[in-house]
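Structure first, commentary second.
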Amino acid sequence: MSFAKVYSAQVNLLRGAIVTIEIDLSKGLHTFNVVGLPDKAVDESKDRVSGAIKNSGFKSPKAKNQKIIVSLSPADLKKEGPFFDLAIAIAYLQASGDIKFDSEKKIFLGELGLDGALRSIRGALPLAEEAKRRGYEEIYLPKENAAEAALVENLAVFGARSLKEVIEHIDISKRNLENKQKKIPVQPQTKISYKREIKGGDFSDIRGQEGAKRGLEIAAAGGHNIAMYGPPGTGKTMLARVFSGLLPDLSNEEVLEITGIHSVAGSLRGELICFPPFRSPHHTSSYVSLIGGGTYPKPGEVTLAHRGVLFLDEFPEFEKRVMESLRQPLEDNIVSISRAKGSAIFPSNFILVAAMNPCPCGNAGNKQKACICKPSDLDRYKRKLSGPIMDRIDLWVSVGNVDYKKLGGEGTGEKSEKIRERVLKAREIQKKRFSALVGSASGGKKLGRNINTNSEMNVKDLENMVKLAKEVRDLLDDSAERLALSARAYHRVIKIARTIADLENSQEVESNHILEAIQYRPKVV
């Protein structure tokens, strides 16, 4: 036999793409060519494969006088990464007659070391999902990736440590049968564990700052973006880090979605992501690292924070271009990236938590310390925050200095678990309200949308779901006129007021809810 065909896959944006690998052998001077738009890592696989085959007990392709052509199809899809090493080695051994097996309904994934060891890859979960969707029944991949791939139901996952293990499992040739076939056990179905671990502390550990805690509770309940401003050292970063503990657990579908995203990005560290992710990029982060992109588009921090929290500390210190690029994800919950070699739409439904000082030195408005910033420095600092970005942040809360007497005492504030209970009740109220919206002609699934929180409502949803009494509407209109609110800010006040009412289990939005919501519009930045 001089021809063989096996199947593999690679990551394509946030999904998997099946790749067919064909090998043809012919007599002649030794050449080993890979065609089908391979990148450097794929082209170099011929050297890794040759070494792995030799050190697994077979004759090296380089020791034979034969022309080897490896074709990767579809030919117009850019092949990236070391996903195909195992499949190429298996296909070569079958084409050369060293092994025999049925390659149909099987997917082979993994990078090979020169000793034949299988090394882990990224994106195992989306690759397994694509294999299942396309009707494949078995998937062979490195042992380190087996538990991740086993999240997919009704797919036989085989985790191997080496090329030799895979060969001993699949080979039905006379040679292997005489040596007794060694079977790899099927990886058990991976179960999602929701055992919550407390990380980053508790709200009761933070002295004072009751106003900021209230703002964070509202943000968690309604999925609203929030900015905290105040002097350095007042607890803004600590408040942000404990904030994610208020959010509800992820559903099974969300766990699979987020784990897949982090697996594709290579940020998964062996464990499933069962809780809302918390991402905190440094203020020197580049545009591409935060938003995503590159020659071949890849997800950035706003996508890695999907269904979780994106914390931007020292918010005005980010580059102007980076800050302005947050407009689309904050408004539409997606990132649309277009490049010469491809375009992509990545999900980015996160809660933004921004923290900032009132000025470069941090002491503007501080009664205890004098501000040393020049007027030009203050103007430049304030200009970093544009009106469109400020409009898209729902709540602005001041985090002032704490009385030293409170710092020395024991924590007497509410624990995170108590606040989380109120957040979960408010989320449940929203879920019931939007379940009616899903079945209506005004929104929901009939318009391709699935709303989970108040922050995701559009203007039409507000008209249908939030009915304001005349006196409440008059109060809102009068306040909006006095504060010169934009149309976007006007509607965001209604969303926040609806969340405040949900926290109080109130059927209607009352005047006090509107007044509290207005207090969270930006005053001092």
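The values are calculated or read from the model by the stated rules, or taken from the named source; none is laboratory data. Since this is a predicted model, take the numbers as computed values, not measurements. Cβ coordinates were reconstructed from backbone atoms using ideal geometry, including for glycine residues, and neighbour counts include every protein chain displayed. For accessibility, only protein heavy atoms count, side chains too; no ligands or nucleic acids. Shrake-Rupley method; radii C 1.70, N 1.55, O 1.52, S 1.80 Å.
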Quiz prompt | Acute angle (nearest 10 degrees) that the helix 416-438 long axis makes with the longest principal axis of the chain, alpha-carbon atoms | solution = 80 degrees
Exercise. For helix 210-222, report the angle its Cα long axis makes with the longest principal axis of the Cα atoms of the chain; keep it between 0 and 90° and round to the nearest 10°.
Key: 50 degrees
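Which FRET efficiency value, to the nearest 0.05, is calculated for Ser506 and Asp377 with the Förster distance at 51 angstrom and r the Cβ-Cβ distance?
0.70
What's the Cα-based Rg to Rh of segment 24-130, Rh via Kirkwood?
0.95
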Practice problem: Quick one: how many lysine pairs does segment 75-173 have with C-alpha atoms less than 26 Å apart and a gap of 8 or more or different chains? Give me the count, please. | Solution: 20
Quiz item: Convex hull over the alpha-carbon atoms of segment 243-382: what's its volume per residue in Å³?
Solution: 138 Å³
Self-check item: Accessible area per residue, Å², the chain with all protein chains present, probe 1.4 Å
Solution: 46 Å²
Quiz prompt | Gyration tensor (alpha-carbon) shape descriptor, the chain, a/c threshold 1.5 | solution = prolate
Quiz prompt | Size of electric dipole in the chain: Cβ of Lys, Arg +1 and of Asp, Glu -1, about Cα centre, debye, nearest 20 | solution = 780 debye
Practice problem: Using only C-alpha positions, report the orientation-averaged shadow area of the convex hull of segment 194-291, nm², one decimal. | Solution: 7.8 nm²
Self-check item: Rounded, prolate or oblate (a/c below 1.5 giving rounded, otherwise prolate when a/b exceeds b/c) for segment 84-139 by Cα gyration tensor
Solution: oblate
Exercise. Starting from 0 in steps of 5 Å, tell me what percent of the Cα-Cα pairs of segment 129-168 lands in each bin.
Key: 6, 27, 31, 21, 13, 3
Quiz item: What ranking, highest mean first, results for peptides 83-95, 241-253, 225-237 when packing means the other Cβ atoms within 10 Å averaged over each residue?
Solution: 83-95, 225-237, 241-253
Quiz item: Roughly speaking, to the nearest percent, how much of the chain's 1.4 Å accessible area is carbon and sulfur?
Solution: 50 percent
Quiz item: Projected onto the charge dipole of the chain (+1 at Lys/Arg Cβ, -1 at Asp/Glu Cβ, origin at the Cα centre), which of Ala220, Val49, Gln10 gives the Cα projection farthest towards the positive end?
Solution: Val49
Exercise. Would you work out which of Thr237, Thr20, Gly266 lies farthest towards the positive end of the dipole of the chain, given +1 charges on the beta-carbon of Lys and Arg and -1 on that of Asp and Glu, about the Cα centre?
Key: Thr20
Quiz item: Where the centre of each part is set by its Cα atoms, how far does segment 23-62 sit from segment 278-333, in angstrom?
Solution: 41 Å
Self-check item: Shape category assigned to segment 310-380 from the gyration tensor of Cα positions, a/c cut at 1.5
Solution: prolate
